[in-house]
1. Out of (1) part of a helix (DSSP H, G or I); (2) among the charged types (D, E, K, R); (3) assigned by TED's automatic domain parsing to the domain that holds Arg189, the odd one out for Arg108 is which?
2. From the list Arg168, Arg129, Arg189, Arg183, which one is surrounded by fewer than 18 Cβ atoms within 10 Å (Cβ to Cβ) and within 20 Å of Arg89 (Cα to Cα)?
3. Which residues, taken from the range 45-82, are out of contact with any Gly (no Cβ under 7 Å at 6 or more places or on another chain) and within 12 Å of Ala106 (Cβ to Cβ)?
4. Pairs only if they're at least six apart or on different chains, beta carbon under 9 angstrom, first in the range 113-136 and in contact (Cβ under 8 Å) with a residue 40 or more places away in the chain, second polar (S, T, N, Q); list them, first residue then second.
5. Of the residues Phe46, Phe27, only one is surrounded by 19 or more Cβ atoms within 10 Å (Cβ to Cβ) and modelled with pLDDT under 95; which?
6. Assess whether Leu16 counts as being part of a helix (DSSP H, G or I) and either touching a residue at least 40 places away in the same chain (Cβ under 8 Å) or of a type in the set (Asp, Glu) (or both).
7. Looking for whichever is within 30 Å of Gln163 (Cβ to Cβ) and more than 16 Å from the chain's Cα centre (by Cα) here; the options are Arg37, Arg129, Arg108. Which one fits?
8. When you check Gly143 against the structure, is it surrounded by 20 or more Cβ atoms within 10 Å (Cβ to Cβ) and not aromatic (Phe, Trp, Tyr), yes or no?
Amino acid sequence: MKLTNQSTIRTALEILRTESSSKKFPFANALRRLGERQPRKLYPFFDEIAALRGHPNHIIQWTAIRLTADLAAVDKQHKLDGLLADYLRPIVGPVMITAANTMQGAARIALARPEFRSRIIAALLRVTRARYATTECRHIATGHALTALGTLGHDTLRRADVQRFVRRQLQNPRPATRAKAERLLNASRRLNGI
């Protein structure tokens, strides 16, 4: 499906919002591709996209989370400013995959909008107190938080709160999460010349 103009984008968003069958998923994929490549084309639909974060279908929610992050770089009207707290809320649960998508999107928002970086870092660090279906989900989500923090650059890795968080994860029972913490700590040491 090609989304070439505002009419086709509007149609795709309407199908996401109303269609109850799997017919909507090709439209979700087309919107994600457009958001990654040409977010300016989607920006006129910012409000509709942001509203889809509350859709009952998780895949549509995740699509909206990703698209909202894509729009941060072109958000000249600062629409995201008032939504940021709500955007970050899923990090603390209850759905781990929603949290993971939010963390990935939050990192992209922090890169596009540095004025939000501190708030986003604070939200990412709250993952250890999150409530998901299982403790293992929290360990997996913690790995996603580490990945997101790792994309935010040297200044983020040097922060004392981030350093403490990363060091604590060296004891995480999930091997993949421990490995991410080790990589981040090693990257931080290299950046600091240690």
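The values are calculated or read from the model by the stated rules, or taken from the named source; none is laboratory data. A quick note: this is a predicted structure, and the numbers were derived from the prediction, not measured. Quick reminder, even Gly has a Cβ in these numbers, built from the backbone with ideal geometry, and neighbours come from all protein chains shown.
1. Of the numbered conditions (1) part of a helix (DSSP H, G or I); (2) among the charged types (D, E, K, R); (3) assigned by TED's automatic domain parsing to the domain that holds Arg189, the odd one out for Arg108 is (3).
2. Values: Arg168 fails: within 20 Å of Arg89 (Cα to Cα); Arg189 fails: within 20 Å of Arg89 (Cα to Cα); Arg183 fails: within 20 Å of Arg89 (Cα to Cα).
Just a single option satisfies the conditions, and that option is Arg129.
3. Ala72, Leu80
4. Filtered contacts from the range 113-136: Ile121/Thr156; Thr128/Thr142; Thr128/Gln169.
5. On the way: Phe46 fails: modelled with pLDDT under 95.
The match here is Phe27.
6. Details: part of a helix (DSSP H, G or I): yes; either touching a residue at least 40 places away in the same chain (Cβ under 8 Å) or of a type in the set (Asp, Glu) (or both): yes.
Judged against the criteria, Leu16 is a match.
7. Working: Arg37 fails: within 30 Å of Gln163 (Cβ to Cβ); Arg108 fails: more than 16 Å from the chain's Cα centre (by Cα).
Matching residue, one of Arg37, Arg129, Arg108: Arg129.
8. Numbers: surrounded by 20 or more Cβ atoms within 10 Å (Cβ to Cβ): yes; not aromatic (Phe, Trp, Tyr): yes.
When the stated conditions are applied, Gly143 passes them.
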